[in-house]
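Please read the structure below before turning to the comments.
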Amino acid sequence: MTRPLHPSALVTGGNRGLGRAIAAGLKAKGCRVTIGARSEEDGRQAAAELGMAFVRLDLTEPDSYFDAVMQARGFDILVNNAGILNHGSLLSPKSDFAEAMEVMVAAPLDLIRLNVPHWRETGWGRIVNLSSGWGSFTQGLGGPGAYGVAKAALNALTKALPRDLPPGVKINACDPGWARTRMGGASAPLSPEEGADTALWLALLPEDGPTGGFFRRREPVGW
């Protein structure tokens, strides 16, 4: 089925950084965008500034995103952007492993599951998983804490899920590069808008576009 004229889109962590740039880019391309954020105050302020809808999403609280998707009756485009980055050792009792896996693997999979009925009905959908070079085995699974491990697991979902998704739905992961966000820091070489480019491309892929891939600067990269 062809793409809707004005696809609906949900961008998690859309109130700042890459998520905000992706949300703004999707709106500029004619999408009806909803941003999700854990902070209601920050999310509503960003949504008002961008002229789009807001839902409170705490990816450690399944009820919050279940309600958001059910009330919207599903989204055409799902951008799993929200993430956490901590610096404790994986072996520490204070490791962020459980939270990282919840936010960057379990919740994205739940959001995909919740949207499946909508995609079955419409016959069109796009899923973009914001990953990282730190989640790549070929690049050594870098980064602090559980970040790289969680991103690698998100990549694995991206690779495996095409076999289970309804026809007309594409899923891909992207490495946005090192961008100037709160997570990336002020010395990063890329603007949020530059970092958002590949995600925007994947969110609006044509019918003959790829699925189950991992991309940087719109080019395939090693898992």
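The values are calculated or read from the model by the stated rules, or taken from the named source; none is laboratory data. This is a predicted model, so every value here is computed, not measured. Cβ coordinates were reconstructed from backbone atoms using ideal geometry, including for glycine residues, and neighbour counts include every protein chain displayed.
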Review point. Restricting the search to the stretch 165-195, which residues are modelled with pLDDT of 95 or more and either farther than 23 Å from His87 by Cα or of a type in the set (Asp, Glu) (or both)?
Key: Leu165, Pro166, Pro167, Gly168, Val169, Lys170, Ile171, Asn172, Ala173, Asp175
Check your understanding: Just one of Gly195, Gly185, Gly177 is on the phi > 0 side of the Ramachandran plot and in contact with a helix residue (DSSP H, G or I) (Cβ under 7 Å, 6 or more places away or on another chain); which is it?
Key -> Gly177
Review point. Touching a residue at least 60 places away in the same chain (Cβ under 8 Å) and over 19 Å from Pro108 (Cβ atoms), is that true of Glu219?
Key: no
Revision key, fill the gap. (1) among the basic types (Lys, Arg); (2) closer than 29 Å to Arg3 by Cα; (3) assigned to a loop (DSSP other than H, G, I, E, B) all hold for Lys94 apart from (2)
Exercise for review: With the condition kept exactly as written, say whether any residue in the stretch 2-13 is without any contact (Cβ under 8 Å) to a residue 40 or more places away in the chain and either closer than 26 Å to Tyr147 by Cα or of a type in the set (Gly, Ala, Ser) (or both).
Suggested key: no
**Study point:** Complete set of residues in the stretch 206-223 that are among the small types (Gly, Ala, Ser) and either assigned to a loop (DSSP other than H, G, I, E, B) or farther than 25 Å from Pro166 by Cα (or both)
**Key:** Gly209, Gly212, Gly222
Practice item. For residues that are under 19 Å from the mean Cα position of the chain (by Cα) and assigned to a loop (DSSP other than H, G, I, E, B), scanning just the stretch 117-140, find the one that is surrounded by the most Cβ atoms within 10 Å (Cβ to Cβ). Key: Ser131
Check your understanding: Of Ala48, Ala107, which residue is small (Gly, Ala, Ser), modelled with pLDDT of 95 or more and either surrounded by fewer than 14 Cβ atoms within 10 Å (Cβ to Cβ) or over 19 Å from Gly145 (Cβ atoms) (or both)?
Key -> Ala48
Check your understanding: Restricting attention to the stretch 14-30, which residues are touching a residue at least 60 places away in the same chain (Cβ under 8 Å), crowded, with 24+ Cβ neighbours inside 10 Å and part of a loop (DSSP other than H, G, I, E, B)?
Key -> Gly14
Review point. Does Ser92 fit the bill of being polar (S, T, N, Q), touching a residue at least 12 places away in the same chain (Cβ under 8 Å) and farther than 20 Å from Pro166 by Cα?
Key: no
Review point. Could you list, in sequence order, the residues of the stretch 69-87 that are touching a Phe, Trp or Tyr at 6+ places or on another chain (Cβ under 9 Å) and small (Gly, Ala, Ser)?
Key: Gly74, Gly83
Review point. Is at least one residue of the stretch 174-188 of a type outside the set (Asp, Glu), surrounded by fewer than 16 Cβ atoms within 10 Å (Cβ to Cβ) and assigned to a helix (DSSP H, G or I)?
Key: no
Check your understanding: Hey, does the stretch 69-82 have a residue that's within 20 Å of Ala196 (Cα to Cα), of a type in the set (Asp, Glu) and assigned to a loop (DSSP other than H, G, I, E, B)?
Key -> yes
